[in-house]
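Trainee: Can you keep this structure in mind? I'll have questions shortly.
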Amino acid sequence: MNEAARTRLAWGFLALWTACALLAPLLAPAPYAATDLSARLQGPSWRHPLGTDDLGRDVMSRILFGGRVSLSVTGLSLALALVIGTGVGLLSGYLGGLADLVTGRLVDILLALPGILLAITLVAYVGRGFAPLVLALSCTAWVGYARVARSLALSLREREFVTASRAAGAGTLHIVWRHLLPQAVPVLAAQAAAGAAGVLLSEAGLSFLGLGVQPPQPSWGEMLAAGCDVLLEAPHLALVPGALIFSAVWALNVIGEDLPGQIAAE
Amino acid sequence: MRRYLLRRVILFFPTLLGLLTFVFLLGRALPGDPVDLMLGENAAPEARTSLRKALRLDEPMLDQYGGYLGDLARGRLGVSLRTGRSVSTELAEAFPRTGELGLAALFMACCAALPMGLAAARRPGGRVDRAVRTFTTAGLSLPSFFLGPLLLLAFAVLWPVLPVSGADEPGSLILPAVTLAVPLAAVMTRVLRASLLTESGKDYLQTARMKGLSDGRVFRTHALPNALLPPLTVLGLQVGAVLTGAILAERIFRWPGMGTLVVTAIKSRDYPVVQGAVLAFALVALLSSLAADLLYAWADPRVRYE
């Protein structure tokens, strides 16, 4: 498969899953939490296009609403991380001194915790649910953006246009907002595109461990975990959400590899 | 050299202290009474008082902090609320299991990445290179919690030669270790390939070729030793990722290690165990990135003088 086709396929997947997530209430054949113990672990049929799970819930509906949760948690966490990271990074890089020292140490400490461990730890103390999940994921992800934003601010603050603005009497917030931010946006957007797959993967991982949204609200990771418990009797319960996570992560990876180059070219 | 080492080792301690403080604050800064969270709101008053005492929650914050650090220094991590055993016993039981899994995965990943990286870098853009690239992209996109079930299904149904669950049979280690090894092998292959390609343009390789050495010989004996550094550093940094990956793999294959311990502890609000496990994970990650840095400085003299 050539590069262009790969990228098109990736955007196609992303558009399809986003559309499914947005239209979930219209497309879902049944309420996602409606149990029917007389119809447990059924295979695909007209009534249940993807079969039913171990509580007799319609898998198709759960997949649609689960995608809604997975994608919105990913998007929100990424946006929040980007805002926090950019703000903290630009300010600490521009101000320097004590502010920079304190945030620098904090960033180092948070980066020392591997992968989703920080998110797992936060969920352990804050509890489960949509908001804690977004909080935990963005607390994990902002650090990377802060690092990049800080180094950008460090190099930009010595440039003539910043000095000129300061000489004209502009305050810190004005300079950061009007002069540093516009320069930082393309770089950080490229980094966010590359990091989106990681956030989705963390969300799915946390949900897989049962640390995601509260049941009965579905998410792809939680469905995959539930499917693993009945893997031999009804393999599709694990394979469908697994394949969806795989396709979404793959698509975001491809786009994340591709987009930075395009943004840089502009 | 000595100054670099000293600085790097000394820097380790503030980061460690920061981590310990972070975990300490996390358990106390959050809204709600931790005793309520652990015992539920309807617990007997005596039980609440004794737990409050055991966790030092009746003392001023600074005393709590001092006591917490003192206990850690003496290796006292508290008592599990769920099993009543000491947290250090729980960790001592679970940690070797995860360590075994992680080491097996690291070994497998190295064994796979070395030949793949070499083969791919020999002819960039060639058939082998493209095949290797397909593997690395798939390996990086395939989440362990999907690869795991796929392997489990394959070995339970299609080709039942390996045990797929638990840790009691001799081959039990293989499937969870492979699950962890695949993404690691993908990362290392990529880094090794890139590093070999950077190295292959250098003059000393031209000289070696002009001496009449074969391409394969030039690659293996001249380029490879110099190109190994970046993958080794990545290996050190990936130890943390392997550990957290193990949390997921253990859930799939019912492997009784740190992941199973921490997830059970979180679900039963067993905070002393959660805290102990997080600290253990973080300590290993910190130590292995320290080791990677030191290894790098030892192998590449240029690093030390910067």
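The values are calculated or read from the model by the stated rules, or taken from the named source; none is laboratory data. Source: prediction; values computed, not measured. When we count neighbours, we look across all protein chains shown, and the Cβ atoms used for this are built from the backbone with ideal geometry, even at glycine.
Trainee: Test of understanding: among A:PRO132, A:PRO114, which residue is within 11 Å of chain B (Cβ to nearest Cβ), outside any helix (DSSP H, G or I) and either under 19 Å from the mean Cα position of the chain (by Cα) or buried (at least 20 other Cβ atoms within 10 Å of the Cβ) (or both)? It would help to see each step written out before you state the result.
Mentor: Numbers: A:PRO132 fails: outside any helix (DSSP H, G or I).
The unique qualifying residue is A:PRO114.
The rows are residues; the columns are (1) closer than 30 Å to B:THR260 by Cβ; (2) free of Cβ contacts under 8 Å to residues at least 60 places away in the same chain; (3) surrounded by fewer than 22 Cβ atoms within 10 Å (Cβ to Cβ).
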| position | (1), (2), (3) |
| --- | --- |
| A:ALA170 | no, yes, yes |
| A:ILE175 | no, no, yes |
| A:ARG178 | no, yes, yes |
| A:ALA197 | yes, yes, no |
| A:ALA204 | yes, no, no |
| A:GLY212 | yes, no, no |
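Trainee: For residues that are surrounded by fewer than 22 Cβ atoms within 10 Å (Cβ to Cβ) and among the β-branched types (Val, Ile, Thr), scanning just region A:135-166, find the one that is nearest to the chain's Cα centre (by Cα).
Mentor: Only one residue tops the list, namely A:VAL148.
Trainee: Does B:GLY245 fit the bill of being touching a residue at least 24 places away in the same chain (Cβ under 8 Å), more than 9 Å from chain A (Cβ to nearest Cβ) and in contact with a Leu (Cβ under 6 Å, 6 or more places away or on another chain)?
Mentor: No: the conditions fail for B:GLY245.
Trainee: On the given criteria, is B:ALA280 touching a residue at least 40 places away in the same chain (Cβ under 8 Å) and either in a loop (DSSP other than H, G, I, E, B) or more than 14 Å from chain A (Cβ to nearest Cβ) (or both)? Write out each step before concluding.
Mentor: Details: touching a residue at least 40 places away in the same chain (Cβ under 8 Å): yes; either in a loop (DSSP other than H, G, I, E, B) or more than 14 Å from chain A (Cβ to nearest Cβ) (or both): no.
Judged against the criteria, B:ALA280 is not a match.
Trainee: Give the residues of region B:52-88 that are farther than 27 Å from B:LEU283 by Cα and part of a helix (DSSP H, G or I), sorted by residue number. Spell out how you get there, then give the answer.
Mentor: In the first step, residues of region B:52-88 are kept if they are farther than 27 Å from B:LEU283 by Cα; the result is B:52-53, B:58-60.
Within region B:52-88, B:ARG52, B:LYS53 meet the criteria.
Trainee: Next question. Determine whether region B:112-134 contains at least one residue that is over 26 Å from A:LEU224 (Cα atoms) and β-branched (Val, Ile, Thr). Before you say what the answer is, go through the steps one by one.
Mentor: Of the residues in region B:112-134, the ones over 26 Å from A:LEU224 (Cα atoms) are B:112-133.
From what is left, the residues that are β-branched (Val, Ile, Thr) are B:128, B:132.
Yes, there is a match, as at least one residue in region B:112-134 is over 26 Å from A:LEU224 (Cα atoms) and β-branched (Val, Ile, Thr).
Trainee: If you take the residues in region B:260-272 that are at the interface with chain A (Cβ under 10 Å from one of its Cβ atoms), in a helix (DSSP H, G or I) and in contact (Cβ under 8 Å) with a residue 60 or more places away in the chain, which one is nearest to B:LEU243 (Cα to Cα)?
Mentor: That would be B:ALA265.
To keep it simple, each residue is scored yes or no on (1) at pLDDT 80 or above; (2) within 14 Å of chain A (Cβ to nearest Cβ).
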{"site": "B:PHE24", "(1), (2)": "yes, yes"}
{"site": "B:ARG28", "(1), (2)": "no, yes"}
{"site": "B:GLY67", "(1), (2)": "yes, no"}
{"site": "B:GLY75", "(1), (2)": "no, no"}
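Trainee: Considering only residues that are surrounded by fewer than 21 Cβ atoms within 10 Å (Cβ to Cβ) and among the aliphatic types (A, V, I, L, M), which ones fall in region B:264-281?
Mentor: B:LEU279
Trainee: Can I ask one more? Suppose we filter B:ALA186, B:ALA241 for residues that are surrounded by 21 or more Cβ atoms within 10 Å (Cβ to Cβ), within 19 Å of B:PHE107 (Cα to Cα) and within 16 Å of the chain's Cα centre (by Cα); which single one remains?
Mentor: On the way: B:ALA241 fails: surrounded by 21 or more Cβ atoms within 10 Å (Cβ to Cβ).
Step by step, each of B:ALA186, B:ALA241 is checked, and only B:ALA186 is surrounded by 21 or more Cβ atoms within 10 Å (Cβ to Cβ), within 19 Å of B:PHE107 (Cα to Cα) and within 16 Å of the chain's Cα centre (by Cα).
Trainee: Could you say which residue among A:ALA184, A:ALA226, A:ALA193 is part of a helix (DSSP H, G or I) and closer than 25 Å to B:ILE247 by Cα? First the steps, then the outcome.
Mentor: Values: A:ALA184 fails: closer than 25 Å to B:ILE247 by Cα; A:ALA193 fails: closer than 25 Å to B:ILE247 by Cα.
None of the others qualify; the one that does is A:ALA226.
Trainee: Another question, if that's okay. Can you tell me which residue among B:ARG48, B:ARG8 is within 14 Å of another protein chain (Cβ to nearest Cβ), charged (D, E, K, R), surrounded by 13 or more Cβ atoms within 10 Å (Cβ to Cβ) and part of a helix (DSSP H, G or I)? Show your work before the answer.
Mentor: Details: B:ARG48 fails: within 14 Å of another protein chain (Cβ to nearest Cβ).
The unique qualifying residue is B:ARG8.
Trainee: Kindly establish whether A:LEU14 is in contact (Cβ under 8 Å) with a residue 24 or more places away in the chain and under 30 Å from B:ARG127 (Cα atoms). Quick ask: steps written out before the conclusion?
Mentor: On the way: in contact (Cβ under 8 Å) with a residue 24 or more places away in the chain: yes; under 30 Å from B:ARG127 (Cα atoms): yes.
Spelling it out, A:LEU14 is indeed in contact (Cβ under 8 Å) with a residue 24 or more places away in the chain and under 30 Å from B:ARG127 (Cα atoms).
Trainee: Taking the stated definitions as given, is B:GLY240 touching a residue at least 24 places away in the same chain (Cβ under 8 Å), facing chain A (nearest Cβ under 10 Å) and either among the β-branched types (Val, Ile, Thr) or under 23 Å from B:PRO96 (Cβ atoms) (or both)?
Mentor: yes
Trainee: List the number of the failed condition for B:SER141; all other conditions in (1) within 14 Å of another protein chain (Cβ to nearest Cβ); (2) over 25 Å from B:LEU232 (Cα atoms); (3) not aromatic (Phe, Trp, Tyr) hold.
Mentor: It is condition (2) that B:SER141 fails.
Trainee: Now a separate question. Filter region B:253-265 down to the residues that are within 12 Å of A:ALA124 (Cβ to Cβ) and touching a Phe, Trp or Tyr at 6+ places or on another chain (Cβ under 9 Å) and list them by number. Break it down into steps so the answer makes sense when it comes.
Mentor: We begin by selecting, within region B:253-265, every residue within 12 Å of A:ALA124 (Cβ to Cβ); these are B:262-265.
Answer for region B:253-265, where residues must be within 12 Å of A:ALA124 (Cβ to Cβ) and touching a Phe, Trp or Tyr at 6+ places or on another chain (Cβ under 9 Å): B:VAL262, B:ALA265.
Trainee: To continue, here is another question. Restricted to region B:138-170, and to residues that are modelled with pLDDT of 80 or more and in a loop (DSSP other than H, G, I, E, B), which residue is nearest to B:TRP255 (Cα to Cα)?
Mentor: For region B:138-170, the residue satisfying everything is B:PRO143.
Trainee: Right, here's the next one. Mind counting the residues in region B:109-137 that are over 24 Å from B:ILE252 (Cβ atoms), in a helix (DSSP H, G or I) and more than 11 Å from chain A (Cβ to nearest Cβ)?
Mentor: Let us first name the residues in region B:109-137 that are over 24 Å from B:ILE252 (Cβ atoms), namely B:114-134.
With in a helix (DSSP H, G or I) added as a condition, the list becomes B:114-122, B:127-134.
So of that shortlist, the ones also more than 11 Å from chain A (Cβ to nearest Cβ) come out as B:114-122, B:127-129, B:131-133.
Looking only at that region, the number is 15.
Trainee: From the list A:VAL73, A:VAL59, A:VAL88, A:VAL123, which one is within 14 Å of chain B (Cβ to nearest Cβ) and either farther than 19 Å from A:LEU200 by Cβ or touching a residue at least 40 places away in the same chain (Cβ under 8 Å) (or both)? Give the steps one after another, and end with the answer.
Mentor: Working: A:VAL73 fails: within 14 Å of chain B (Cβ to nearest Cβ); A:VAL59 fails: within 14 Å of chain B (Cβ to nearest Cβ); A:VAL88 fails: within 14 Å of chain B (Cβ to nearest Cβ).
Only one candidate passes the filter, namely A:VAL123.
Trainee: If A:GLY210 meets every condition in (1) in a helix (DSSP H, G or I); (2) closer than 27 Å to A:VAL123 by Cα apart from one, which number is that one?
Mentor: Against the list (1) in a helix (DSSP H, G or I); (2) closer than 27 Å to A:VAL123 by Cα, A:GLY210 comes up short only on (1).
Trainee: May I pose another question? Quickly run through region B:248-259 and pick out the residues that are facing another protein chain (nearest Cβ under 10 Å) and either without any contact (Cβ under 8 Å) to a residue 12 or more places away in the chain or aliphatic (A, V, I, L, M) (or both).
Mentor: B:LEU248, B:ILE252
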